[in-house]
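As structure tokens, the structure follows; a few thoughts come after it.
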Amino acid sequence: MVVAGFIGTASLLASCGGRPSASDQKRPTSTRQTQAAPAAPPSCPDAPKGKVLSKSLTSQATGGTERLRIYAPPGFEPAASPSVPLLVLLHGGSADETQWLDVGAASAADCLIGSGEIKPMVIVAVDGGRVEGRGDGSPPAMERFVADELLPYLHKEYPSLGGRDVTSIGGISRGGGWALFIAADRPDLFSAAGGHSPSGRLTPKQEQSLAAHDSRIWLDVGDDDSLRPSTFELAESLRSIGLGVRATTWPGGHNRLYWSDHVEDYLRFYARAW
């Protein structure tokens, strides 16, 4: 069954208020999820290929060096006139920056850009495992790393990146909780956010922030995922304060096969307003 539409919600349920929880893609929540579910990313052999670059960034916020994988679309010119969209992607708990490549973000971008379905975009898959479970600090370390260190670094390295209107953030599981959390706290930086099987909880103040800035929000979850109720509670809570939310459930569990089945759908959402 697929349920799709613009609906809204209460907070994502988590063990600690206002912070992403410890649920992740390696934590089984059903019989289906205990089985092996490797990713099956899309492939378009004839499409022009972007480049995936391995970078690292020393972070004061996390207290270490964080790894990045940067997808540069075909024909990308780092110093061209500022306008290129940027998508920041966060991984699930106990994973790393390679998770989004494993589920096919780069190959999906090649396919969709090659067909003309979406505009070229830069995609940055971010590590952050050393602080993904930390909710302390105001703001917490993950938010400071993404908002105050990662984005300035990217704009310095790639001056052709555009501003808030073409900058989005998304994540899988715990990373989805962080993506929504960061977008709510820093609506000046991100115009859209996606939670893909998101784990975490937003405060009422954060929900109001998303509504006040008319942020574009996507939520999806598998029909066999224990996070389905909390995901749709969040959708209904956001709707109740006037924010339209794309909330969808597809067949599947909490695993890489589910996310790879829908990675093209995710990129279409992020690119919709560009």
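The values are calculated or read from the model by the stated rules, or taken from the named source; none is laboratory data. Everything quoted here is computed from the prediction, not taken from an experiment. Methodologically, a virtual Cβ is constructed for each residue, glycine included, from the backbone with ideal geometry; neighbour enumeration extends over all protein chains shown. Just the protein is used for accessible areas: all its heavy atoms, side chains included, with ligands, DNA and RNA removed. Shrake-Rupley method; radii C 1.70, N 1.55, O 1.52, S 1.80 Å.
Observations
- Within segment 163-183, the set of residues being open to solvent by less than 10 Å² (accessible area, probe 1.4 Å) and closer than 21 Å to ALA273 by Cβ comprises THR167, SER168, ILE169, GLY170, GLY171, GLY176, ALA179, LEU180, ILE182, ALA183.
- With respect to the conditions (1) open to solvent by less than 20 Å² (accessible area, probe 1.4 Å); (2) touching a strand residue (DSSP E or B) at 6+ places or on another chain (Cβ under 6 Å), GLU143 falls short on a single one, namely (2).
- Some residue of segment 89-104 being at positive phi and free of Cβ contacts under 8 Å to residues at least 40 places away in the same chain: no
- Strands (runs of 3 or more DSSP E) completely within segment 42-126 that count 1 or more residues being over 17 Å from TYR153 (Cα atoms): 51-59
- Answer residue from segment 184-229, given it is in contact with a Pro (Cβ under 8 Å, 6 or more places away or on another chain), open to solvent by 10 Å² or more (accessible area, probe 1.4 Å) and assigned to a helix (DSSP H, G or I) and is farthest from ALA147 (Cα to Cα) among those: ALA212
- Condition check for ARG272: under 18 Å from TRP100 (Cβ atoms) and of a type in the set (D, E, K, R): no
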